[in-house]
């Protein structure tokens, strides 16, 4: 009986030790270079497999504040590499002529949050999936993510954002 208890204790300690290595930083701050809005982001690990992320995005005459809850999943075959998935919400403040970053294709403009001439406060929901790499031996994180979102202003409008993240570990 003591032998089984010993094996279970060792197994539990190994699981805890492995999980503790999944996220070896507390808080990181950096920039998010997004396809819709680039900005500043802060990510704080709550425990070994969950985190919260805040993003302050800047568009053309616009500001978007986003909060996300994320579940982290380490990739054991690569040191410092993990993937994450999460969801959250945002609120955007669009000034007169404010938009997400403008893209032109054959004279057409895309990713407008609303019509010109209108000031607006736009709430919405977000999802996120990404890949993050903590550079071994350095206080730096590199990441990529995909963040679909839905704005609720004069109905629902969906957008698809992709980004590269550079963060410094505090």
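The values are calculated or read from the model by the stated rules, or taken from the named source; none is laboratory data. Since we're looking at a predicted model, the values are computed, not measured. No Cβ is skipped: glycine too gets one built from the backbone with ideal geometry, and neighbour counts run over all protein chains shown.
Picking from residues in the range 58-75 that are touching a residue at least 24 places away in the same chain (Cβ under 8 Å) and over 16 Å from residue 144 (Cα atoms), the one that is nearest to the chain's Cα centre (by Cα) is 66. Within the range 1-28, the set of residues being at pLDDT 90 or above and buried (at least 16 other Cβ atoms within 10 Å of the Cβ) comprises just one member, 28. Considering the range 61-170, the qualifying strands (runs of 3 or more DSSP E), each wholly inside and each with 1 or more residues that are crowded, with 16+ Cβ neighbours inside 10 Å and modelled with pLDDT of 95 or more, run over 81-99, 120-134, 140-152, 156-169.
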